[in-house]
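Below is one structure, written out as structure tokens; the observations come after it.
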Amino acid sequence: MMNKTAPKKTRKSALIDEFISLSIVNLYLALSFSVLITLNSLALLKHGIDAFNYGVAIVGALIIGKVIVLSEKLPIVEHYADKPLMISVGYKSILFTIIVLIFNVVEHFIIGLFQHESIDQILIHLKNHFFQIDIIYQIFCLFLVFIPFFITRELDEILGKGKLFNLFFKKRTLNLN
């Protein structure tokens, strides 16, 4: 009896798969962040403040998308992979919200060091930054954005790569063979 193993991916096909994965993550995040910025801007517009800034949404999506794709390789991510979807999705949503927050803190430290600020000054800026109600709201929104993202990722993995896409965009029938 022959042992069938999956054929090894070439470097080119692996890069293409990574690019497609990153593009999907970035598109989802850019759309989600754009909706949140639109809601925020419309609220500010009522008070005469014009604050439509979609560049922030796109740049944020690109940065966070890359952080997500890189972080998905960490062993801690699959900690609850065998648990029910509710637990796995909740865990990943919380974990990736924390990962993005850690990345944000590191980013503030790097920017502060480049601006020749002391560690004390950087810590004061971080404290002032993270204890504002709008930042807490943004963190909560990020968590909520991650929930449907990880639901679809988990379902695609359970059903088999590409089957969820086929259900949405090709045929409505599911072939589990």
Worksheet item: What do you reckon, is Glu107 closer than 23 Å to Ser34 by Cβ and of a type outside the set (A, V, I, L, M, F, W, C)?
Response: yes
Practice prompt. Could you tell me whether the range 10-32 includes any residue that is assigned to a helix (DSSP H, G or I), modelled with pLDDT under 80, open to solvent by 50 Å² or more (accessible area, probe 1.4 Å) and hydrophobic (A, V, I, L, M, F, W, C)?
Written response: no
Worksheet item: For Val67, are the conditions met, namely being closer than 16 Å to Leu142 by Cβ, β-branched (Val, Ile, Thr) and in contact with an Asp or Glu (Cβ under 7 Å, 6 or more places away or on another chain)?
Response: no
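Residue by residue, here is whether (1) surrounded by 10 or more Cβ atoms within 10 Å (Cβ to Cβ); (2) not β-branched (Val, Ile, Thr) holds:
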| site | (1), (2) |
| --- | --- |
| Asp120 | no, yes |
| Gln132 | yes, yes |
| Ile136 | yes, no |
| Ile139 | yes, no |
| Leu142 | yes, yes |
| Thr152 | yes, no |
| Leu164 | yes, yes |
| Phe169 | no, yes |
Worksheet item: In the range 25-55, what count of residues is obtained for those that are over 15 Å from the mean Cα position of the chain (by Cα) and under 21 Å from Ile102 (Cα atoms)?
Response: 0
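Which ranges mark the helices (runs of 4 or more DSSP H) fully within the range 74-177 that have 3 or more residues being within 19 Å of the chain's Cα centre (by Cα) and touching a residue at least 60 places away in the same chain (Cβ under 8 Å)?
85-114, 133-159
The values are calculated or read from the model by the stated rules, or taken from the named source; none is laboratory data. Quick caveat, the model's predicted, so the values are computed rather than measured. Positions of Cβ are backbone-derived with ideal geometry, glycine not excepted, and every protein chain shown enters the neighbour counts. Remember, those area values only see protein heavy atoms, side chains included, never the ligands or the DNA or RNA. Shrake-Rupley method; radii C 1.70, N 1.55, O 1.52, S 1.80 Å.
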